[in-house]
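Every number in this text was worked out from the coordinates using simple rules, so none of it is lab data. Model, not experiment: these values are computed from the prediction. Heads up, the Cβs are rebuilt from the backbone with ideal geometry, glycines too, and the neighbour counts pull from every protein chain shown.
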Amino acid sequence: MARALALLEFGGPAIGLLAVDRMLKRSPVALLRCGTVHPGRYLALVGGTVAATAEAHAEGGRVGAEHEALVDEVLLSDPHPQLAAAVGGERAAPAGEALGVLEISTSPGLLRALDAVLKAVPVSLVEARLADDLGGRALGIIDGLLPDVQAGLDLALTSCGPCARVLAASLLPRLDETLRDVLASGTAFQACAAVEPDGAEILED
């Protein structure tokens, strides 16, 4: 696992690809994920040693700023292990008594906020989605004890950085068990087994 992560969000793919090319030529980092996301933006996630990642991050930021195409960026020199796993595609089934849901205007802003929350509050990360099928928004879900989840949401409000904002934050105490089962498979639109109160199934996948 990379010891540092950097995520940069560009206004479009032309400058995003240019920046990635310059970053990879400038510093020996791993290109972990990259590509277009809604609404026509471009994300680039790189990782490696702290020094190499910082150098690549600076170069990508310079290219983006030079072309007025840098939407947001974040450099995490010591990302929380749960966050590092989540950006690699891992997710967890919700197991806590309460759930906290964050929608943030940029993907770097989400990583910045989640990293701060996970390091300061005893909550678990269920899912982190970086603008995929979200109209450019980034989505994070945490769970744990009710007061801890509330503290995490409160901290996120002030931790997403100057270029991002929290668009919505929801606290779900005593999460419904049917919804808990659904969220174990993720938040993307999916077929669910809808059950009426008497137990009769009305829809099957």
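To the nearest 10 degrees, how steep is helix 146-157 against the longest Cα principal axis of the chain, on a 0 to 90 scale? Approximately 30 degrees, to the nearest 10. Contact order for region 4-76, expressed relative to its length and based on alpha carbon pairs under 8 Å spaced 6+ residues apart, stands at 48 percent.
Arrange the peptides 25-32, 52-59, 69-76, 111-118 so that the one whose residues have, on average, the most other Cβ atoms within 10 Å appears first.
Put in order of decreasing packing, that is 111-118, 69-76, 52-59, 25-32.
Would region 86-166 count as rounded, prolate or oblate if I go by the C-alpha gyration tensor, calling it rounded below 1.5 in a/c and otherwise prolate when a/b exceeds b/c, oblate otherwise? Don't skip to the end; give the middle numbers.
Working: a/c = 1.90, a/b = 1.26, b/c = 1.51.
Note, shape of region 86-166 comes out oblate.
In the chain, taking the dipole from charged Cβ atoms about the Cα centre, the farthest positive-side position among 46, 170, 58 is held by 58. Hey, what angle do you get for helix 50-66 against the long axis of the chain, alpha-carbon based, 0 to 90 degrees rounded to 10? With both axes taken from Cα atoms, the answer is about 80 degrees.
Taking Cα centre as origin and charging only the Cβ of basic (Lys, Arg, +1) and acidic (Asp, Glu, -1) residues, the dipole magnitude of region 81-185 rounds to 340 debye. What is the helix-to-structure angle for 13-26, meaning the angle in degrees between its Cα long axis and the longest Cα principal axis of the chain, kept from 0 to 90 and rounded to the nearest 10? Here the helix axis deviates by roughly 60 degrees. Dipole orientation for region 59-150: of the candidates 120, 82, 130, 120 has the Cα lying most toward the positive pole (charges on Cβ; Lys, Arg +1; Asp, Glu -1).
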